[in-house]
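What follows is a short report on a single structure.
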Amino acid sequence: MAKVLVLYYSSYGHIERMAQAVAEGAREAGAEVGVRRVPETVPEDVARKSGFKLDQKAAVARIEELADHDAVIFGTPTRFGNMAGQMKNFLDQAGALWMQGKLVGKVAGVFTSSATQHGGQESTILTFHPVLLHLGFIIVGLPYAFQGQMGYSEVMGNSPYGASTIAGGDGRRQPSGVELEGARYQGRHIAEITSKLHG
């Protein structure tokens, strides 16, 4: 049974919801799935004043946990076309794992969110990939076999690089049905590939 970690950062709950869908998909493929979040770096009083969702159920991850799984699926909102600083801060602590080759050959994927349809979803995933390649991960995206990303009748996220959602400028928009479906598909797809490689 493949061991899959869904590791995310979410300020307002959009990526948290996507992470749950990714985990559902991975479980559907028979994987043992853990869901963790990276530590918050914003002071709690500032986070509260900014309306951050501070009651997230997932436990806070330790960097060593990356080595305990066959696959890691990362979720982060976009910050000016890149991953959130909280996620980067966490991954910057992986030096020892990198030096020991502990992550080489593990499978990885990325999902994201942005405020607007063209707010950096694809660039966030693509700029995340070099970090994963340096660590030795094998990258898996969201293939066009997921037909949901072919539609154009509604504003939506998702691309061949990974599942994504649009939060809206005020954060009111929640992940849509097709976006959650893309997240589940990506989780299932990565779990299936991981089982083939590590089974």
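The values are calculated or read from the model by the stated rules, or taken from the named source; none is laboratory data. No experiment lies behind these values; they were computed from the predicted model shown. Cβ atoms come from the backbone with ideal geometry, glycine included; neighbour counts cover every protein chain shown.
Among the residues of segment 1-12, at least one is modelled with pLDDT under 95, in contact with a Gly (Cβ under 8 Å, 6 or more places away or on another chain) and exposed (fewer than 15 other Cβ atoms within 10 Å of the Cβ). Screening LEU97 with (1) on the phi < 0 side of the Ramachandran plot; (2) touching a residue at least 60 places away in the same chain (Cβ under 8 Å) gives one miss only, at (2). Tell me whether segment 122-143 contains one or more residues that are under 19 Å from MET87 (Cα atoms) and either of a type in the set (Asp, Glu) or at pLDDT below 95 (or both). Within segment 122-143, one or more residues are under 19 Å from MET87 (Cα atoms) and either of a type in the set (Asp, Glu) or at pLDDT below 95 (or both). Contact annotation: residue pairs with Cβ atoms under 7 Å, 6 or more positions apart or on different chains, pairing a residue in segment 35-49 that is in contact (Cβ under 8 Å) with a residue 12 or more places away in the chain and of a type in the set (D, E, K, R) with a partner that is part of a helix (DSSP H, G or I) and surrounded by 14 or more Cβ atoms within 10 Å (Cβ to Cβ), are ARG36/GLU65; GLU40/ALA47; GLU40/GLN86. For MET18, state whether it is in contact with a helix residue (DSSP H, G or I) (Cβ under 8 Å, 6 or more places away or on another chain), aliphatic (A, V, I, L, M), touching a residue at least 60 places away in the same chain (Cβ under 8 Å) and surrounded by fewer than 16 Cβ atoms within 10 Å (Cβ to Cβ). The answer is no for MET18. Taking the criterion of being of a type outside the set (Asp, Glu), part of a helix (DSSP H, G or I) and either out of contact with any His (no Cβ under 8 Å at 6 or more places or on another chain) or at pLDDT below 95 (or both), the residues of segment 24-50 that qualify are ALA26, ARG27, VAL46, ALA47, ARG48, LYS49. Scanning segment 144-192 for residues that are at pLDDT below 95 and of a type in the set (Phe, Trp, Tyr) turns up just one, TYR152.
One line per residue, one yes/no per condition, for (1) surrounded by 14 or more Cβ atoms within 10 Å (Cβ to Cβ); (2) touching a Lys or Arg at 6+ places or on another chain (Cβ under 7 Å); (3) touching a residue at least 60 places away in the same chain (Cβ under 8 Å); (4) not small (Gly, Ala, Ser):
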position: GLN56; (1), (2), (3), (4): yes, yes, no, yes
position: VAL60; (1), (2), (3), (4): no, yes, no, yes
position: GLU65; (1), (2), (3), (4): yes, yes, yes, yes
position: VAL72; (1), (2), (3), (4): yes, yes, yes, yes
position: GLY75; (1), (2), (3), (4): yes, no, yes, no
position: THR78; (1), (2), (3), (4): yes, no, no, yes
position: ASP92; (1), (2), (3), (4): no, no, no, yes
